[in-house]
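Working notes, structure below.
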Amino acid sequence: MTVVKDASGRYFASFVVMTSDEPLPQITAEVGIDLGLRHFAVTSDGRKVAAPKLLRRAERKLRKAQKALSRKKRGSSNRKKAVVKVARAHARVADARRDFHHKLSTTLISDNQAIYVEDLAVNGLGRTRLAKSVHDAGWSSFVTMLEYKAARYGRTFARVDRFFPSSQLCSVCGVKDGPKPLAIREWTCRACGITHDRDVNAAINIRTEGRKVAAGQAETLNARGAQVRPGLVPAPRGEAGTHPKLTPTTV
């Protein structure tokens, strides 16, 4: 057993045990999940899970604790106590986020035989003006939970390519309607005339593409599976160069 003390003064004991996880009963439901900031997750069956925004809600307390820490004299006992208070405030936010992820991922795994999500570029989004909201959402840890729980309980899990235009395709007729600003939450397909909820439509498209990914039928977006880079071709004998020092000189 290993005992670890974290920055907030809490002790954790970790140990390894043997378990026998049995697969959950087979069901027919499948779900595509569109992750976002306005709603943390929107599923292909129309369910919308509100984003908890735990860091935003705790910003006032965190700011107050950080200011109190900055006023303490370095090396003093009061500063050490203030450091622990700041660490505990951050730990409460992290624990609440982890609890939210666990509960939602367990519900999705229990209610669906197959789960499909979009492979988001979190590192890239973390360098934009939305960085704080992106890190507050914690998409990566949530998707990781979905993946290992699916493997543990005999569910199917697949990631859809991040370049798949899930919000541009009509989920009914399949026509690509082009990119749209984030301010547009509903749009009408020009081909079939059906009005879509942006997030629900994207989740349905993710479910459709995820089925292809799980079956190994998804096409690549760059060259439809063809070889992009040409193969190596040896240079003709007459065009082969020689080392400069070995080139004969003429006077």
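Recomputing mean projected area of the Cα convex hull in nm² from the coordinates shown identifies the correct label among [x] 12.8; [y] 28.0; [z] 16.4 as [y].
Note down the net charge around residue 23, summing +1 for each Lys or Arg and -1 for each Asp or Glu among other residues with Cβ under 13 Å from its Cβ. Display every interim value, and only then the final one.
Details: positive: 149, 152, 155; negative: 21, 22.
That works out to +1.
Taking amide H as placed 1.01 Å from N in the peptide plane, the amide H of residue 118 sits under 5 Å from that of 33, 35, 160, each at least 5 places away or on another chain.
Over the chain, what is the mean sequence separation of C-alpha contacts under 8 Å (at least six apart), divided by residue count, expressed as relative contact order in percent?
The normalised contact order for the chain reaches 22 percent.
The alpha carbon convex hull volume per residue for the range 1-143 rounds to 143 Å³.
At a Förster radius of 41 Å, what calculated FRET efficiency corresponds to the Cβ-Cβ distance of residue 102 and residue 71, to the nearest 0.05? All intermediate terms of the calculation are to be shown ahead of the outcome.
Details: r = 37 Å, r/R0 = 0.90.
Calculated transfer efficiency: 0.65.
Taken along the Cα-to-beta-carbon direction at a fixed 7 Å, the label points for residue 168 and residue 1 span 5.6 nm.
Just so you know, all these numbers are worked out from the coordinates, no wet-lab data involved. As the structure is a prediction and not an experimental result, all values here were calculated from the model. In this analysis, Cβ positions are derived from the backbone assuming ideal geometry, glycine residues included, and neighbour counts consider all displayed protein chains.
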